[in-house]
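Participant: A single structure is presented below for examination.
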C-alpha cells in the first residue's frame, strides 16, 4: 500500500492507494502555523483504511520551505560572494547579510586572484560579532574550481567551529553564479528548520509503528528520501504543481504531448508534458525575484478558476477573486462554474441555483441568461487558450545554440488536455474542443495531486564537466572533484561512462539503485581545445538523469 | 525602460575546419562567462531565438555564383537570420537596442560571392540593412566597423551608396589582412566621403581609438543623421588577439559602445577565444544594456601596460582632421564628379579570396546619375574552388535608386538576355524587390 499526501496552500489532500485503486481519500484545510499536525491528521485518517496491512511507502509534499522563504523566517544566514570582475555588486541583491570578497577563478578553473586573507578574516569576524551562526559561500566558477570556497570553509571550521557553512560548489555543478549563490543561500537558511521538521515527522511515523519508506516530493516531480532532503531542503518548493502534473500524467496515457490544466478555486495552473516528460522552467525555479538552480516544472498560473465570480459594469467581467462557493454549491453569487453548468447543461450540484443567480446578473446587464453564459464561457475559454498557446510559443522560442536546432525548429503539437481539480469537469472539455484536441478527465482527477505524490519515483540528475588539458573533472551535485588518469585521448563515450558511474554511486548512497538502470543522458557536449594550431585536448559536458516517472509498483489505475 | 535584445548563436556545430580560428570552440568560453555571470537573467536583457534567413534575403544583397544555395550552408542562413530577428525586434519596438552574438561572420563578403573570403561567405550586416530598407522603409544607415580588419566587404557593397555612411577603423592595411582601408578610399564618384577609413598603427590603445570615436565618428553621426546605427562589432582589436597586433581592452570596447550607442551590434571577428572574447562580449552586453561596467576587466589587464605614445596620438589627430574635411566637402566633390564624368564610370577590380584561393576579375560600370547614386553593372569571372569557371553579368539597382536608373537597369538586363555573352545574368532590383537569374545556356529565367 502507498500513501500520498499533498500539503497545499489551502487544503491538504491524502490518498491510500493499493493495486490500481484508491482505497481512501482525505481532504483537510491546511494549518499554515502547524504543517506537521495537518500532515499527521490526514495520515491518521487514512491509516484505519489500511486495516493493518503494510504501508510500503509514504510520500508527502509540503509548503514548509515555501512559507519560510515567503516570510523570510528562515535562519539568519550570511552570504559571502566572490564575484570577480564582471557585473557590479549591486546586481546581486540576494539577501540582507551579504559580503563581497576578492578572489577569482576563470571558466577553465584557473585561479586568477587569490583570497585576500585579511579581508576574509575581517568578514568572518563581522559575521561572528553579529551572532550569525550560518554562512553560505559562493564563488564565481566554483563549479570549475572550488579551492577558494574550500579555503573559506576551512577558515571557518578552524576559527568559528560553531558556525555552519554551505558552499556553492556542493550545491550545483551548473553555470550561473547568481542562481548558484541564491540556491546555496536558500539551502543554508532553511536547513535548520527543515531538519527539525524532518526529525519530528520521522519520530511520528515511528511512534505509529510504521516501517514505511518515507519520501518527500520535489519541485522536479520526483522524490528524495527524508535523509537526502536535509542536504537540499529548498528542492521541496513548488511541489504542489509537481504533484498535480505528475498525478495527471499518472492517470493518462504517457508519451503524448499534453497540457495539464489544473483548475482550482481562483487560479488555474497550466503545465506541459512533451512526449510523456514534463517541461521544466528553463531558468530554474524562481523564488521571489531570484532565479535558482532548483529544477521545477514550467507552470503558468492564470488568475481564473471555478469559483471566480462574475460581475457586470457595462460589460460582463470574470473577476480574479471569489466571493464564496459557486451558486450550485450554495453560494450567493454566480461563478464561472455556474455559467458552464447552465450553458452545457452539466447538472452540477443544484443546477437550479446556478440558473437563478445567473438570471439575476443577466437582468442587471439587460441580456438573456443564455447570452450571459455564452459570453462568460467565451471569456474563460479564450483566456485559458491564449495562456496555453503563450506557453507553446515560449517553449518553441527557447534560445538555440546549434545549427541543427534552428533548422529542425520545434513546434508544439498538442494531443490532449488533461483536466485536474474540482472544476475541471465543467471547463476542460470546452477548452479542448476549442483547441480541437481530446480532453482527458478521470474520476480520480480531484485527488490527482495526492495520487501523484503517492506513485512518483525518486529522481536524480548528475552533471559531469571534464577538461582534459587541465587534467580535471567535476561532478555535481555534491561537489566531487578529481584529476583524470588519462591525458588527452579521452573520448565522449568514456566521459559518458564516467557520468553513469557517478550516478550509480549516488543512487546506491541514496537507496535508489533499483532505478539506476532507467537513467538517460540529457546533455552530451564536446569541444576540441586548440592551442596555437593544434589540438591539446577536449572539454566534455555530460548530463545524466533518472527522469520523473513512476515507481515500478504503479501499473496505472483501474478505471 | 525597454530591455536590450541579445541573440546568442555560437553555432556549436559549425567550423571552417577543426583547428581553424572559426571553429566550434570560438564562443564556448563566452558562453561560460555570460551564463556564469547570469546576465541573461537580468530584466535589462531579453534573449531571442534564431531563425533561418530566406534565400531572397541573401539574393537581395549578393550575387552568389551560380546560386545562393551553392555558396552557403544552413549555418550562414542561421547567422544572417539571427541579425534579422534582432532587426525585427528593434523595429517593432520590443527592445531599445540589440546585440547579435553570432557566427559565421560576414564583413569581408562582397556583392559578388564566388566563395569564402576572410572567413566570410555572406555579409550579415548588409543583408540586414537591405532587409530593413525593404521591410521598414529605412533610408539612411551608418555602419561603424570596429573589427581590427578592414571591413572591405561592407565597404565594397556600399561604395556607391550616398545614403550609407560606412566608417571603418582597423589596423593599418600595410600590416594586416585584407591589406586595404587606407585614408584615400573614400567611396565612389557619387558617394564620395560616405566611406571613411581610419588605418591605425599596430599597438594603438583605448585612448587612441576613443579619441577617433569622440572627435570624428560621433560628430559625423550627428551630422549624417542616419535612421539607424549599426556596429559591425569585431573584437580583435583586443591586445590578446592572435591574428592582429592592437592594444584595445574589454573596458575600452564597453566604453566605445557606450559612446557610440549603436541601435544594433553584430559580432564579426575576434579570435582570442579564451583571453578576450568572454570579457569583450560581457562588456558589450553591459554597455548596451546600460549596466555599470567599471568592475569589468580581463584577468591579466594592467592599464599601465598600455599607454598611447604621443607620436601615435599626433598621427591619429592629423588623420581625424583630414577625414573630417573629406567628409565635410563630400557634396562639392560629388557635384564635381557628376559634372566631369560621362554617362558611365567604368573600372576593373581584382578580388582575392584568401580562404579558398579564388581569383576573381571584375569590370564595374556605374551609371552617373543626376538624381541618385546610380545603378551598377558588374561583369565577373572566376575559377571557383570546384574548378568550375563562371563568367557572369550582374545588375544591381539600389534601394534608393531613381526611376530612370531603375528603368535603365532593367532594360540593360533585357538587353543582355538578347546579347548572351555570359553564363549567367543577374538582376537585383531592390526598389521593386525583384530578383532574377537568367541561365543563358539553358535559356531559363528563375524569379526568386
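The numbers here are math on the coordinates, done by the rules we state, and not lab data. Since this is a predicted model, take the numbers as computed values, not measurements. Note: ideal-geometry Cβ built from the backbone for every residue, glycine included; neighbour counts use all protein chains shown.
Participant: Among A:452-458, A:425-431, how do they line up by average Cβ neighbours within 10 Å per residue, starting with the highest?
Facilitator: Highest to lowest by the protection proxy: A:452-458, A:425-431.
Participant: Taking chain B as a Gaussian network, Cα atoms linked when under 10 Å apart, which of B:385, B:117, B:410 shows the biggest mean-square fluctuation?
Facilitator: Of B:385, B:117, B:410, the Gaussian network model singles out B:385 as fluctuating most.
Participant: Select from B:40, B:110, B:282 the residue whose mean-square fluctuation is largest in a Gaussian network model of chain B (Cα-Cα springs shorter than 10 Å).
Facilitator: Looking only at B:40, B:110, B:282, the largest GNM fluctuation is found for B:40.
Participant: Additional query: Would you mind telling me which residue in B:346, B:295, B:257 has the biggest mean-square fluctuation in a Gaussian network model of chain B, where springs connect alpha carbons within a distance under 10 angstrom?
Facilitator: Per the Cα network of chain B with a 10 Å cutoff, B:295 tops the list.
Participant: In nm, what is the difference between 0.36 nm times the number of residues separating residue A:383 and residue A:227 and their Cα-Cα distance?
Facilitator: Length gained between residue A:383 and residue A:227: 51.9 nm.
Participant: What's the angle, to the nearest 10 degrees (0 to 90), between helix A:239-251's Cα axis and the longest principal axis of chain A?
Facilitator: Value to nearest ten degrees: 60.
Participant: In addition: Gap in Å between the Cα centre of region A:151-179 and the Cα centre of region B:286-332?
Facilitator: A separation of 43 Å, based on Cα centres.
Participant: Quick check: Cα centre of region B:53-106 to Cα centre of region A:518-559, how many Å?
Facilitator: When both Cα centres are located, 32 Å separates them.
Participant: Now for a different question. Could you give the spread of the C-alpha atoms of region B:19-131 along their three principal axes, from largest to smallest, in whole angstroms?
Facilitator: Largest to smallest, the principal-axis extents are 45, 39, 19 Å.
Participant: Given the C-alpha centroids of region B:153-210 and region A:300-327, what is the distance between them in whole angstrom?
Facilitator: Distance between centres, Cα-based: 64 Å.
Participant: Continuing with the same structure: For helix B:310-328, what angle does its Cα long axis make with the longest principal axis of chain B, in degrees from 0 to 90 and rounded to 10?
Facilitator: The answer is roughly 40 degrees.
Participant: Another question about this same structure. Got the relative contact order for chain A handy, in percent, Cα pairs under 8 Å and 6 or more residues apart? Intermediate values should be presented prior to the final figure.
Facilitator: Numbers: 1200 pairs, mean separation 78.0, N = 559.
Averaging sequence separation for qualifying contacts and normalising by length gives 14 percent for chain A.
Participant: Normalised by the number of residues in region A:460-546, what is the relative contact order in percent for Cα pairs under 8 Å and 6+ residues apart?
Facilitator: Details: 158 pairs, mean separation 33.3, N = 87.
Over region A:460-546, the number comes to 38 percent.
Participant: If you don't mind, there's one more thing I want to ask. Among A:13, B:57, A:338, which comes first, second and so on when ranked by fewest other beta-carbon atoms within 10 Å?
Facilitator: With the sparsest Cβ surroundings first, the list reads B:57, A:13, A:338.
Participant: Using only atoms on other chains, find how many Cβ atoms lie within 10 Å of each Cβ of peptide A:100-107 and report the average.
Facilitator: Mean shielding count: 3.
Participant: Follow-up. How large is Rg over Rh for region B:341-447, taking Rg from the Cα atoms and Rh as the Kirkwood inverse mean of 1/r across Cα pairs?
Facilitator: Rounded to two decimals, Rg over Rh is 0.99.
Participant: Mind putting together the pair-distance distribution for chain A? All Cα pairs, 20 Å bins, whole percent per bin, short to long.
Facilitator: Spelled out per bin, shortest first, that is 20, 48, 27, 5, 0.
Participant: A further question follows. Enter the angle in degrees (range 0 to 90, nearest 10) between the Cα long axis of helix B:277-289 and the first principal axis of the Cα atoms of chain B, meaning the one along which they spread out most.
Facilitator: 90 degrees
Participant: Next question. Among A:100, A:177, A:540, B:90, rank each residue by its count of other Cβ atoms within 10 Å, from fewest to most, as a rough exposure measure.
Facilitator: On the way: A:100 13, A:177 26, A:540 23, B:90 20.
By the 10 Å Cβ count, ascending, the order reads A:100, B:90, A:540, A:177.
Participant: Rank these for me by crowding, B:306, B:375, going from fewest to most other beta carbons within 10 Å. If you can, show how the numbers build up before the last one.
Facilitator: Numbers: B:306 19, B:375 28.
Listed from fewest to most nearby Cβ atoms, that is B:306, B:375.
Participant: What FRET efficiency comes out for the pair residue B:139/residue A:345, r = Cβ-Cβ distance, R0 = 35 Å, nearest 0.05?
Facilitator: On the way: r = 62 Å, r/R0 = 1.77.
The formula returns an efficiency of 0.05 here.
Participant: Students often get this wrong: which residues of region B:43-85 have the backbone nitrogen under 18 Å from the point 7 angstrom along Cα-to-C-beta of residue A:524?
Facilitator: Inside the label zone: nothing.
Participant: Which whole-number percentage describes the relative contact order of region B:4-330, with Cα contacts under 8 Å and a sequence gap of 6 or more?
Facilitator: 18 percent
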